Amino acid sequence: MMVDVPGSPLLLPMAVRLPPSGEMETEMRVLVGDIGGTKTAVGVAETDGLAAEVKETRRYASVSFESLEEILSRFQEETGLSCRFGAFAVAGPVQGRRSETTNLPWRIDADALVQAFGFAEVGLLNDLEAVAWGIAALGSEDLAEIHGGDGDVAGKGNACVVAAGTGLGQAGLYWDGVRHHAFATEGGHADFAPADEREFALLRHLQRRFGRVSWERVVSGQGIANIHEFLLAWHQAEPPDWLRQAIEQGGDRAAIVAEAGAQRRCPLCAETMDVFMRLYGREAGNTALKLMALGGVFLGGGIAPKNLSLLRRAGFLEGFFDKGRMEPLMRRMPVRVILNPHTPLLGAARFVASR
C-alpha cells in the first residue's frame, strides 16, 4: 500500500508516512460507490484518511436501476452492511451537494442520501476527482508504466488523470510544494481538434451526426465505435461477417473492435485502434501540457488496462509527445496506467475522511 507524504513524491512506502495536518488519524468505515454510465460499484472502505482498503465490493448494471438509492438498498440487502459515512464518485459534474449524471438519467443529492440511509455525512465528488484522490493509496503493483519520464521530478509536480471508458474523464492534482490537491474538470467535453486529412474527415463525419464534436466522441468506448463506423465509410468497406454477426447479436462494438484490432485479426479494426490510440495520446498530452504534469500522467478508465500492448506501441506516445516545441517537456512526464479498478472507491473514502 502506498500513501502521499508531505514533502515527498506522490507514491512512497506506507512505512514512512507522516500524517499531514487536517487529516484524520483514526480509522473510519465508509460506504463508497463509483457511479458510472455502464456500471456502478459499491463497497465498504476502511480508511484513516491516508491509507484505504475496500471490502465487500459489488458491481451493478446502472441502467437496470432507477436511482442510486435503489442500488444502495440492494447492496445492503445482499451484504447486511451499513456505515455511518457515505462517499460517492459520480460520472458527471458535482455542484455543491448535488449531481446530475452525464450518461444516466439520475439526480444524486447528498442530503437526500443522508435522510434515506441515516448517514452522519455524505460526500459527493466527480469520479475522476475520486481517482485522483485514490492514486496515493496505490502500490507499484497497481500501476503499469508506459513511459518512465524524468525520475528526478516524478511525483513532485502537478499531475493529471485521463480516463477513457464509457466517457472521457479528466482530473488534476495541484502540487503546492508539499503535497497534492485533487480537483475535478470536465475537459473531456472540450472541442475535438483534428490534425490531418483523415481526422478532418472524421470530424466532418461526426458533425453530421452530433453537431458539436467533443474529445469524448473519439476517445472513449463510444469513440472506438464512432471511429470504426467512420473508417468503414472512409474506405467504402464492409465489416467481415463474423464481426457483423458479433455486433448484431448484441455484443459491445467497442470491445469487439478493440480485441480484433489488438489481435490484428481485422485490418480495419486494427486501423481503428491505431487511430484511437494516437488520439488518446494527443488528448492525454493536451491535458498534461495544460497542467504542466511533470508529477505524472495517470491513465484510468476501463480501456487502458485492457489494451496495454496497444498503448505501448508507437501511436499513443507519438500522439502524446507531438507538441511541437514542447516535445522535450512532454518527454519528461511519466505516464502510467492505473490497474486497480477500485481506485475511485479508495479515493472517495480518502476524500470524505479528510473533510
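The values are calculated or read from the model by the stated rules, or taken from the named source; none is laboratory data. Everything quoted here is computed from the prediction, not taken from an experiment. Every residue, glycine among them, receives a Cβ derived from its backbone with ideal geometry; neighbour counts consider all protein chains shown.
Structure notes:
- A count restricted to the stretch 194-241 and to residues that are within 25 Å of the chain's Cα centre (by Cα) and among the charged types (D, E, K, R) stands at 5.
- Complete set of residues in the stretch 173-197 that are over 28 Å from G211 (Cβ atoms) and of a type outside the set (K, R): L173, Y174, W175, D176, G177, V178, H180, H181, A182, F183
- Criterion applied to L128, L138, L104 was being touching a residue at least 12 places away in the same chain (Cβ under 8 Å) and more than 19 Å from H189 (Cβ to Cβ), and the one residue passing it is L138.
- Checked against the criterion of being free of Cβ contacts under 8 Å to residues at least 60 places away in the same chain and either surrounded by fewer than 16 Cβ atoms within 10 Å (Cβ to Cβ) or in a helix (DSSP H, G or I) (or both), the stretch 152-164 has at least one qualifying residue.
- The stretch 74-100, residues that are crowded, with 20+ Cβ neighbours inside 10 Å and among the polar types (S, T, N, Q): S99
- Selected residue (only one of L143, L168 is buried (at least 24 other Cβ atoms within 10 Å of the Cβ) and touching a residue at least 24 places away in the same chain (Cβ under 8 Å)): L168
- Unique residue being part of a helix (DSSP H, G or I), in the same structural domain as L346 (by TED's automatic domain parsing) and not β-branched (V, I, T) when the list is L104, L128, L50: L128
- Failed item in (1) of a type in the set (V, I, T); (2) part of a loop (DSSP other than H, G, I, E, B); (3) surrounded by 18 or more Cβ atoms within 10 Å (Cβ to Cβ), with I71 passing the rest: (2)
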